Amino acid sequence: MKKYISHFFTFALFIFAMVIVARYKATPPYALIFNTIQFLLIFSAAFVLSGQWLRAINFSSIFTICVYYLSNLTYHFYKKPLFISDFLVFFDVSNWPIVFEYKSLIFIILIYILVLGYGVWAYRNTKKSSFKIRFGFLVFFIFLIFLDAFLIQTKLMKEHWAKTFPHAKEISMNLAMSFGSLEYSSPKFGDNYEYFKEKMRDVKPYKTSNLKPNLVLWLQESTVDASLYEPNLKQVPMFEGSEFKFKAFNRVHTFGGETFRSEFEILTGLNPDDFGSGSSTIFYSGTKHIKYSLPKLLKEQGYFVVALNPLLPNFFNVYNAYMDLGVDKYYHPSNLDCDNGEGYKNLWHLSSENFSKCVKKIYELHSSSKPLFIYATTINEHVPYNRHEKPKFGLKNTVLSDYYERQIELSNATMDFDKFMQRSKKPYVFAYFGDHQGLLGFKEKDLNLPYKNQLFITGFYVKGSKEINASIWDDLGELGLNTATLLELMQIKPNEHFEAIYAMKKLCGGVDDCENKELVKSYKSYIYDYLKSASKE
């Protein structure tokens, strides 16, 4: 009886796997081709190793189902497809501590381990096939590898895959095609940059001077104005009022996580999405090839560049990435004795107040000799939002209640730091922005914003001393283009890279939301193919 139940269970798993393999009805059936090849690859490998038919069918079915749900989880949390490069990030043990911040994720991982364990061990005592048959499947396995490698190199497949973006829900095709991005390559957009060069001539350059104000840039973790979710909430002080040198909603290119994508964008002016499936490892393999960055430009102007991160330097390879991009000095809060006594570890719950103390200490240590650029990332606004047993602030939602309370704390720290900079009596620019929206359980229709793709919008805010002239902006901005906003406010002469970014901002406001698609393509061609901004050897 037990035997029949297990056989029925395996049959059900196989049918479910076949439904996953055949679920795309697109014509031509490229997704079906890749789904079939990858199922047969897993089956062949399992059979060659075990020599057992049922064991191979059971494992390949379970593996196919697990990958399918892993892709769905990736899309649920980050609103992005699953690529091969994501597994490099998953399996970097330096990143594993984040799992312990997601209690539900621990449960999911345990389920995956148990299910895959069943796939490996089930039917281990069944009869093994002959060496001849296993050798035949080894030949078949090698043939499938060559077939897969051939297909992912064909122009036809590359063009079809490109058309599936940005949603790119053809899982097996994503995994196969993204193998090519494991080795870094700069984005390519052809040689149609002349159109953008011509348009640039119409853009009047901004005023430059030798003012060289100190720049403090806060990346505020998972931060967007909470009153956008619930209009009855009072807007916190760091978002309200008219005492801004610049203020705009801000298009970002990640949701719910992967902060490094926004870090890369604000420090380089480049959109991580331009790197396709390689964007997941941009902090691992991409930063060393970046020719221009905000830290590098400011260093050329005599600035000393400091980075502060509450997480350990090997987390998502941030230390090496910062150094590649031109940072002079890296601090962990424990180096500054503002870690609340927690020591040298990932400080997931470092308070906004203590974070602000860290930045103040950095300023006091380094602001005497050279102009200073401090880049710092907050952390207390990170998920999960489960610290409230009952909602506060007249809310019904404990998640939003917890999120809003942390935002109040962040706002207090932000406003206090601006007062600190005012007391310094030196010219300064203090900018802060949300890297992405938090995992609050809201849907796009829940936001009170008049733009498309609302889940990928935060805010960009700049305060400054009296020497800084305000820059008025009434439309949706874009994170990468706001590198030029900072340089404009600081009156720093841009290099050719940031001059192009400034021109694009003036010509169309953004890149993703620009209606002139010819201009967008020509701009990207100018950045990547003419200036070769991401092709440093």
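Details
- Test: residue in region 461-470 that is farther than 17 Å from Val216 by Cα and surrounded by fewer than 19 Cβ atoms within 10 Å (Cβ to Cβ): no
- Within region 357-403, the set of residues being out of contact with any His (no Cβ under 8 Å at 6 or more places or on another chain), farther than 30 Å from Ala321 by Cα and modelled with pLDDT of 90 or more comprises Leu400 only.
- Qualifying residue in region 473-483 (condition: over 24 Å from the mean Cα position of the chain (by Cα) and assigned to a loop (DSSP other than H, G, I, E, B)): yes
- Some residue of region 472-485 being at pLDDT 90 or above, assigned by TED's automatic domain parsing to the domain that holds His388 and of a type in the set (Asp, Glu): yes
So that you can scan it fast, the table gives a plain yes or no per residue for (1) in contact (Cβ under 8 Å) with a residue 24 or more places away in the chain; (2) surrounded by 15 or more Cβ atoms within 10 Å (Cβ to Cβ); (3) under 18 Å from the mean Cα position of the chain (by Cα):
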{"site": "Leu54", "(1), (2), (3)": "yes, yes, no"}
{"site": "Val67", "(1), (2), (3)": "yes, yes, no"}
{"site": "Thr74", "(1), (2), (3)": "no, yes, yes"}
{"site": "Val89", "(1), (2), (3)": "yes, yes, yes"}
{"site": "Val93", "(1), (2), (3)": "no, no, no"}
{"site": "Leu105", "(1), (2), (3)": "no, yes, no"}
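- Segments classed as strands (runs of 3 or more DSSP E), wholly inside region 213-332, with at least 3 members that are more than 22 Å from Val511 (Cβ to Cβ) and touching a residue at least 60 places away in the same chain (Cβ under 8 Å): 214-220, 304-308
- Screening Ala376 on (1) without any contact (Cβ under 8 Å) to a residue 40 or more places away in the chain; (2) under 20 Å from Asn412 (Cβ atoms) shows it passes everything except condition (1).
- Qualifying residue in region 60-71 (condition: at pLDDT below 85 and not hydroxyl-bearing (Ser, Thr, Tyr)): no
- Filtering region 292-316 to residues that are surrounded by 21 or more Cβ atoms within 10 Å (Cβ to Cβ), within 24 Å of the chain's Cα centre (by Cα) and aromatic (Phe, Trp, Tyr) leaves Tyr292, Phe316.
Here is a yes/no grid of residues against (1) in the same structural domain as Val327 (by TED's automatic domain parsing); (2) of a type outside the set (Asp, Glu); (3) touching a Leu at 6+ places or on another chain (Cβ under 8 Å); (4) surrounded by fewer than 22 Cβ atoms within 10 Å (Cβ to Cβ):
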position: Met173; (1), (2), (3), (4): no, yes, no, no
position: Lys199; (1), (2), (3), (4): no, yes, yes, yes
position: Leu228; (1), (2), (3), (4): yes, yes, yes, yes
position: Gln235; (1), (2), (3), (4): yes, yes, no, yes
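- Test: residue in region 264-272 that is in contact with a Gly (Cβ under 9 Å, 6 or more places away or on another chain) and more than 30 Å from Glu183 (Cβ to Cβ): no
- Tally, over region 171-191, of residues that are of a type in the set (A, V, I, L, M, F, W, C) and over 15 Å from Gln153 (Cα atoms): 2
- Qualifying positions in region 301-329 - polar (S, T, N, Q) and in contact with a His (Cβ under 8 Å, 6 or more places away or on another chain): Asn309
- If you check Asp513, Asp435 for being surrounded by fewer than 18 Cβ atoms within 10 Å (Cβ to Cβ), touching a strand residue (DSSP E or B) at 6+ places or on another chain (Cβ under 8 Å) and charged (D, E, K, R), only one passes: Asp513.
- Residue in region 415-424 that is in contact with a strand residue (DSSP E or B) (Cβ under 9 Å, 6 or more places away or on another chain) and within 22 Å of Gly257 (Cβ to Cβ) present: no
- Residue match in region 385-392 (condition: buried (at least 18 other Cβ atoms within 10 Å of the Cβ) and polar (S, T, N, Q)): no
- Of all residues in region 417-429, at least one satisfies being surrounded by 18 or more Cβ atoms within 10 Å (Cβ to Cβ), assigned to a strand (DSSP E or B) and not hydroxyl-bearing (Ser, Thr, Tyr).
- Candidate set: region 398-410, residues that are over 16 Å from His349 (Cα atoms) and either touching a strand residue (DSSP E or B) at 6+ places or on another chain (Cβ under 9 Å) or in contact (Cβ under 8 Å) with a residue 24 or more places away in the chain (or both); chosen: the one surrounded by the fewest Cβ atoms within 10 Å (Cβ to Cβ): Val399
- Residues being in a helix (DSSP H, G or I) and closer than 15 Å to Pro272 by Cα - total across region 526-537: 2
- Test: residue in region 141-148 that is free of Cβ contacts under 8 Å to residues at least 60 places away in the same chain and surrounded by 14 or more Cβ atoms within 10 Å (Cβ to Cβ): no
- Counting only residues that are touching a residue at least 24 places away in the same chain (Cβ under 8 Å) and part of a helix (DSSP H, G or I), region 505-525 holds 10 of them.
The values are calculated or read from the model by the stated rules, or taken from the named source; none is laboratory data. Everything quoted here is computed from the prediction, not taken from an experiment. Neighbour counts are summed over all protein chains in view; Cβ atoms, including those assigned to glycine, are modelled from backbone coordinates with ideal geometry.
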